1. For the pair ASN625 and SER271, what calculated FRET efficiency results from E = 1/(1 + (r/R0)^6), where r is the Cβ-Cβ distance and R0 = 22 Å, to the nearest 0.05?
2. So how many Å³ per residue does the convex hull of the Cα atoms of the stretch 170-266 work out to?
3. How large is the dipole of the stretch 53-249 about the Cα centre if only Lys and Arg carry +1 and Asp and Glu carry -1, each at its Cβ, rounded to the nearest 20 debye?
4. Lysines near LYS332 by alpha-carbon distance under 27 Å, same-chain residues fewer than 8 away left out - which ones?
5. In nm, to one decimal, how far is the ALA524 label point from the ASP132 one, both placed 7 Å along Cα→Cβ?
6. I need the peptides 67-73, 89-95 ranked by packing, meaning the mean over residues of other C-beta atoms within 10 angstrom, with the highest value on top.
7. Between LEU62 and SER602, 0.36 nm times their residue separation minus their Cα-Cα distance comes to what?
8. Quick one: Cα centre-to-centre distance for the stretch 494-566 and the stretch 273-326, in angstrom?
Amino acid sequence: MRPSPTPASRRGGTLPQRLRQAALYSTLILPMLGHPSLMAQSDNFDDGKDDGWSRFAPLELLGIPSTVTFPDDGLGGKAYRLESAAPPVPNFGPARIGSRPLVTYSDFTAAFDLIDWDNDLDQSIGLLFRADTIGIGTTSGFAMNYNVQQITGGPGQIQFTRVTAEVPSSAIRFANLALEPGHRYRFVFTAKAAHLAGSVYDLLDLTSPLAEFDTELETSTSGEVGLFNFNAGTRITDPIAGRTDSTFDNYSAATTDLAPLNRTTFFAPTSGLEFTATTFANEPIEPAGVTVLLNEVDRSSRLGFETTTSGLKVRLNELQPNTVYDAVILLKTSAGQSSRTEWTFDTFSEEFLDSPEVLVIEAEDYNFSRGQFINRPPASGRIGNDSILNASTGYVDRIGEPGIDYFDRSGTEGSGQIPAYRAFDTVGTQAGSVEIGGSALLGQRIDPVNDVIRKKYGSQALPEYQVRGTEGGEWLNYTREFPPGKHHVYLRVASRAPQQIYLDTVNSSASLPSQTTSRLGTFAVPNMNLKTNYRFVPLTDATGKRVELEMPGTHTVRLTMGGEQTLRTSDTLALNYMLFVPADVDPPVDESVRLESATDISGPFTPETNALFSGETITIPITENLRFFRLVSPGQAVLLTTEVSGSNLVLRFRLGLIGGGGGI
């Protein structure tokens with residue numbers, strides 16, 4: 001588990017001839033903050049044209065082909081694909097292509113969607129701004145760029161860089177962000193005087209950025225703006241490796257004001273789920289165009305709606321406590337355009353996690369001294385630089401035996417970058433991760449970012465410690481006394497590369513080498529793009545179904561990092577803790593229950609879109625119009641009470657257990 005490479009510029013130093021014309025391209029929305037008389041620039045390219053934009057492909061002067069096409073964007077429109085072939089000689093720089101609107105901006109906000117790119121190409125993709133003297137060997141300005149392979153063959157990085165005569169400087173600010181092929185991302189950038197700010201979103205979650213950073217930097221007061229791609233590798237004349245290929249788009253529906261936000265932990269279930277559905281194209285969204293899935297169960301019939309000036313407000317009150325939710329919002333406009341938002345959150349309480357029926361295993365609290373363990377240890381760690389809390393009763397600085405308590409490929413003790421929790425093992429243990437970096441020349445200090453700090457640690461001035469620097473094939477053993485009953489298992493983890501982590505049980509003695517194991521399940525860890533974006537990942541079987549473990553008594557389990565030792569997954573994980581929670585299954589909710597209304601008792605009855613379900617209670621806003629209501633269900637529905645509460649009508653009902661259609 002090795003230390004991270006020193007965060008610095010790409011392979012060190014400047015990148016001569018790497019920006020031999022950072023080609024420009026228009027952005028989704030460019031509201032002009034400094035010049036209100038200018039119209040905002042926008043183009044979704046759905047007409048299959050780029051009228052109004054000036055393409056720039058300097059290698060065509062050498063007869064080297066560049067290609068601009070308008071492929072389907074998968075949402076019913078078109079996208080904008082820019083490709084350039086590799087040059088046969090390096091004299092005129094690497095492959096690059098782009099286009100730009102011939103407009104000069106000062107203060108502005110720009111956004112674009114990156115929807116496809118060749119992840120095997122060492123290319124840089126991004127936004128050039130406040131640029132002037134556009135030309136071969138003359139372009140100057142600044143860039144917000146994504147380097148697909150910041151480390152060759154490895155993860156990527158978002159950067160702010162200065163461009164002089166087409167040559168980018170070392171990174172001014174950066175974020176170690178690994179974008180996942182097949183996903184779509186939105187880049188947003190703002191320049192206002194000397195303040196520069198950038199953020200990147202997954203288009204499945206436009207409510208919370210994957211990464212964001214800003215800086216104060218004196219720049220020119222105005223310049224041109226656009227997108228570029230160029231080959232940033234060393235094999236620029238290789239006909240395969242020396243190409244560029246990236247696809248942009250700029251339309252999507254979105255959700256705003258989402259609560260809870262993506263990856264929220266310890267969310268109070270009584271607060272309910274709420275969001276506002278809007279679109280960038282101002283296309284209306286009706287209640288019938290909203291679908292909400294919680295853990296793959298359609299809850300749309302339980303939604304409440306309110307039309308506001310900012311969009312359609314949607315609410316769901318049926319959240320269960322101590323549950324991990326994987327949620328999906330599907331939106332469809334009246335014009336047929338659609339979007340999908342995915343996010344995850346949990347409703348655990350810290351009191352529940354500390355209860356006897358739940359077992360929490362900290363990733364850094366692996367076995368020591370040949371199979372020794374401490375069951376339910378107290379919080380321990382370093383307070384400041386000198387004091388150690390619970391050194392005799394916790395795991396801090398316990399020494400594990402390689403090949404028995406853990407297997408690690410590193411030969412270096414300690415974490416390598418942040419004060420270690422177990423400083424005498426080669427397993428990397430640290431408090432937080434550093435994923436956002438800056439320029440020492442600008443005096444920019446970047447502190448580590450930690451997971452949500454639980455009260456048991458925060459109350460004693462301790463951080464959340466994690467295991468870091470993992471590589472494929474490494475493993476850690478944990479011996480504990482497991483509570484009785486069936487349990488679901490979750491891994492609290494952050495990752496910037498998709499990978500599998502296995503949970504096994506150790507069948508032989510945990511104090512001896514050559515241990516034998518049996519597979520319990522797999523944590524299919526997705527790409528969260530940064531090692532600071534933590535979430536719960538469930539333990540599943542080969543079919544993707546959540547595993548129910550029943551193993552009361554003392555057992556040893558093993559976490560194994562799946563896959564080979566590759567740059568793609570090296571040092572891309574931050575493991576916080578495992579959670580074993582009772583596998584109580586909530587009674588299924590009959591999602592075919594619906595409330596209908598009509599203005600006449602004889603009908604026709606249509607779905608009541610303003611009804612808000614909360615269990616077996618329905619709340620309906622009172623209007624001046626006479627309405628008749630009908631509750632439709634596959635089983636017998638019994639109306640218990642009706643009452644007026646404020647400006648709402650409240651119905652309470654109960655579903656019977658007999659079959660057959662019913663209604664009230």
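Computed from the coordinates by the stated procedures, all read-outs in this text should not be read as laboratory data. Every value quoted in this text rests on a predicted model; they were computed, and no experiment measured them. All Cβ positions, glycine included, derive from the backbone under ideal geometry; neighbour counts span all protein chains shown.
1. The computed FRET efficiency comes out at 0.10.
2. Dividing the Cα hull volume of the stretch 170-266 by its residues yields 175 Å³.
3. I would put it at about 380 debye.
4. Result set, ordered by chain and number: LYS49, LYS78, LYS313.
5. Placing both labels 7 Å along Cα→Cβ, they lie 5.4 nm apart.
6. 89-95, 67-73
7. My answer for the length gained is 186.7 nm.
8. Centre-to-centre distance over Cα atoms comes out at 34 Å.
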